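First the structure, in the form of structure tokens, and then the observations on it.
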Amino acid sequence: MTKKMWGGRFKKKTDPLVEEFTKSIDYDYKLAKYDVLGSIMHVLILKKSSLITNKEAEKLGSALKKIYNRIEKKKFAIDRKAEDIHTNIQNAIEKELGSLALKLHTARSRNDQVLFDLKLFCAAELNNIQGLSLALMESLKTVCKKAKGIIIPGYTHLQHAQLVYLSDYLGSFIEMLERDNKRLENIKNSMKLTLGAGALAGTPIDAKLYKKEAKGIKIEPTTNPIDTVSDRDFVIEILSMLSILGMHLSRLAEDLIIWSTKEFNFVELDDAFATGSSLMPQKKNPDVLELIRGYTGTLNGNLISVLTMMKGLSLGYNRDMQLDKPPLFSSFEIIAQELQILAKLVERLAWNRRVIKKRIEEDEALYATDLVYYLIKKGVPFKRAHDIIGKLVKFSLDKGRKIKGMKDTELAKFSNKFKHSEIARLLDPLVSVKSRISIKR
Ligand code: ARG
């Protein structure tokens with residue numbers, strides 16, 4: 001292991017098993033850029049509080065900027081033997097500046113450093129997710145436009161219920177994504193970026209000096225450093241929001257899986273977004289959609305993992321908290337991939353208009369509720385109308401008789417309010433969907 005950020009009070013070398021077990025560099029290397037940004041801010045504060053001279057600040061600042069540029073250009077070599085990214089970067093600065101680098105950690109602890117880095121990382125990732133979900137919404141809007149006029153059976157309990165526009169069905173996913181976006185926005189706005197907590201007790205630097213705004217990053221002084229270093233609410237909130245978002249995507253995935261079966265055949269996936277079978281040559285499988293459905297397990301697990309890790313932790317930093325990162329990184333990655341894939345996949349869906357139309361024609365019961373409204377308009381109370389139509393539908397199904405083909409005399413056995421000519425006009429998909437005017441289109 002390379003040089004540690006501690007060690008003075010230790011006589012023995014750390015056991016290699018302990019080094020391996022405790023290190024986080026294998027995943028927290030992702031925080032490199034944000035760690036350097038935090039250090040750049042910290043140098044300015046040390047200068048203002050006269051803990052380092054202007055000249056020292058300048059040297060530290062330019063060494064940090066060099067490292068920052070190297071990270072940006074992917075030329076910064078992550079030291080996999082370092083305990084964590086904070087140690088890795090501290091060692092890199094020491095290599096660059098020698099003893100001056102030893103002043104950088106003045107009035108700072110990895111406990112507030114890691115929190116600062118993680119919040120900056122989250123802010124960037126949240127923006128990324130927001131952009132990707134807006135792109136998926138755009139794709140869904142395009143699909144809605146292309147699907148104009150397609151009427152599908154709407155389902156409850158996965159049974160035919162009432163006719164709906166396909167665009168209204170898809171539009172409901174846009175609404176879900178809008179709610180997800182609101183949740184995301186709220187988290188972004190409530191995530192306070194603080195400095196000055198130190199290990200847990202604050203620092204000897206005036207709180208005013210921690211108030212800073214530079215390059216779009218707004219830093220505030222901590223108001224309670226014990227809480228600041230102990231808080232991982234933002235991680236849990238993000239994981240919860242990503243879980244809900246993933247659950248929404250899994251519901252879209254599930255319907256597309258069902259609709260692309262031979263039995264439904266409403267839609268066909270583009271070849272580029274389907275997979276085959278190693279044994280059965282005819283197969284075209286929706287593996288992508290199944291994984292989107294399956295990953296909800298990982299997303300929910302990630303949330304539960306951090307919630308459980310935090311439960312009952314005594315106040316102050318505990319090393320347990322290092323374990324917030326793998327689940328957080330995992331959920332961000334999964335959702336980013338899912339949003340990107342779905343944006344392409346939905347745009348390339350081929351809708352089988354002919355099959356959908358036929359399926360609707362086969363099932364007059366889809367108009368049952370419309371027929372109830374017809375009787376209500378003629379003064380029949382709802383409950384009675386419900387009963388009459390129930391009997392009519394049962395008769396039609398049992399006898400294999402189309403309601404549309406029934407004469408006035410036959411219809412009169414159920415209600416004398418029925419008129420064949422009116423019923424025939426009513427049993428039309430377009431008339432049905434257009435009669436529902438409570439939908440804002
Ligand atoms: N790798 C640690 C984490 O991710 C950084 C903070 C370590 N602090 C400490 N006191 N050991 O949480």
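What nm value, rounded to one decimal, do you get for the distance between residue 26 and residue 416 when each label is placed 7 Å out toward the C-beta?
8.4
Quick one: helix 166-190 against the long Cα principal axis of the chain, what's the angle to the nearest 10°, folded into 0 to 90?
Around 20 degrees separate the two axes.
So what is the calculated 222 nm ellipticity per residue for the chain, using -39500 (n - 2.57) for each DSSP H run with n of 4 or more, over all residues, to the nearest 500 deg cm²/dmol? Could you put the intermediate results ahead of the total?
Numbers: 17 runs with 258 residues, N = 441.
It comes out at -19000 deg cm²/dmol, rounded to the nearest 500.
Just list whichever of 358/394; 4/311; 383/419; 377/404; 3/59 have alpha carbons separated by over 25 Å in the model shown.
Numbers: 358/394 21 Å; 4/311 29 Å; 383/419 20 Å; 377/404 19 Å; 3/59 22 Å.
Over 25 Å Cα-Cα: 4/311.
For the chain, take the longest principal axis of its alpha carbons; what is the angle in degrees between that and the long axis of helix 32-48, to the nearest 10 within 0 to 90?
Helix 32-48 and the main axis of the chain meet at about 50 degrees.
Measure nothing fancy, just the Cα-based angle from helix 368-377's long axis to the longest principal axis of the chain, in degrees from 0 to 90, nearest 10.
The answer is roughly 70 degrees.
Would you be so kind as to identify which of 147, 160, 171 lies farthest towards the positive end of the dipole of the stretch 140-190, taking Lys and Arg as +1 and Asp and Glu as -1 on Cβ and the Cα centre as origin?
So the residue furthest toward the plus end is 147.
What are the ³J(HN,Hα) couplings of the stretch 113-118, residue after residue, when phi is run through the Karplus curve with 6.51, -1.76, 1.60 and θ = phi - 60°? Round to Hz, x for glycine and proline.
Per residue, the Karplus-derived 3J(HN,Hα) values read 5, 5, 5, 4, 4, 5 Hz.
Could you name the aspartates and glutamates whose alpha carbon sits less than 18 Å from that of residue 48, not counting residues in the same chain fewer than 8 places away?
Candidates past the 8-residue exclusion: 56, 58, 206, 213, 220.
For the stretch 112-259, how many pairs of lysine residues have a Cα-Cα distance under 22 Å, where the two are 8 or more positions apart or belong to different chains?
For the stretch 112-259, the number of qualifying lysine pairs is 21.
Can you check what the net charge comes to around residue 250, using other residues whose Cβ is under 15 Å from the Cβ of residue 250 (Lys, Arg +1; Asp, Glu -1)? Please list the in-between numbers first.
Details: positive: 251, 293; negative: 180, 254, 255, 287, 290, 338.
In short, -4.
Specify which residue in the list 297, 31, 424 is farthest towards the positive end of the charge dipole of the chain, using unit charges on the beta carbon of Lys, Arg (+1) and Asp, Glu (-1), about the Cα centre.
Highest projection toward the positive end goes to 424.
Which lysines does residue 283 reach when only Cα atoms under 16 Å apart count, and residues fewer than 8 places away in its own chain are ignored?
By straight Cα distance, residue 283 reaches 262.
Give me the dipole magnitude in Debye, nearest 20, for the stretch 141-259 about the Cα centre, with unit charges on the beta carbon: positive for Lys and Arg, negative for Asp and Glu. Present the calculation step by step, with values, prior to reporting the outcome.
Numbers: 16 positive and 14 negative charges, 100 e Å.
It works out to roughly 480 debye.
For the chain, build the charge dipole from Cβ charges (+1 Lys, Arg; -1 Asp, Glu) around the Cα centre, then report which of 2, 310, 22 sits farthest towards its positive end.
Projecting each Cα onto the dipole axis, the largest value belongs to 310.
What's the magnitude of the charge dipole for the chain around its Cα centre, counting Lys and Arg as +1 and Asp and Glu as -1 at the beta-carbon? Answer in Debye, nearest 20.
Working: 75 positive and 54 negative charges, 188 e Å.
Result for the chain is approximately 900 debye, rounded to the nearest 20.
Beyond 34 Å, what percent of the Cα pairs of the chain remain? Walk me through the intermediate numbers first.
On the way: 50100 of 97020 pairs.
That tail contains 52 percent of the Cα-Cα pairs.
Rounded, prolate or oblate: which one fits the stretch 43-181, using the alpha carbon gyration tensor with axes a ≥ b ≥ c (rounded when a/c is under 1.5, else prolate when a/b beats b/c, else oblate)?
Working: a/c = 3.83, a/b = 3.72, b/c = 1.03.
Prolate.
Please give the charge dipole size of the stretch 223-349, origin at the Cα centre, charges +1 on K and R Cβ atoms and -1 on D and E Cβ atoms. Round to the nearest 20 debye. Display every interim value, and only then the final one.
Working: 11 positive and 17 negative charges, 48 e Å.
In debye, rounded to 20, the stretch 223-349 gives about 220.
Bear in mind these aren't lab numbers, they're just calculated from the coordinates by the rules spelled out. Keep in mind it's a predicted model, so treat the numbers as computed, not measured. Heads up, the Cβs are rebuilt from the backbone with ideal geometry, glycines too, and the neighbour counts pull from every protein chain shown.
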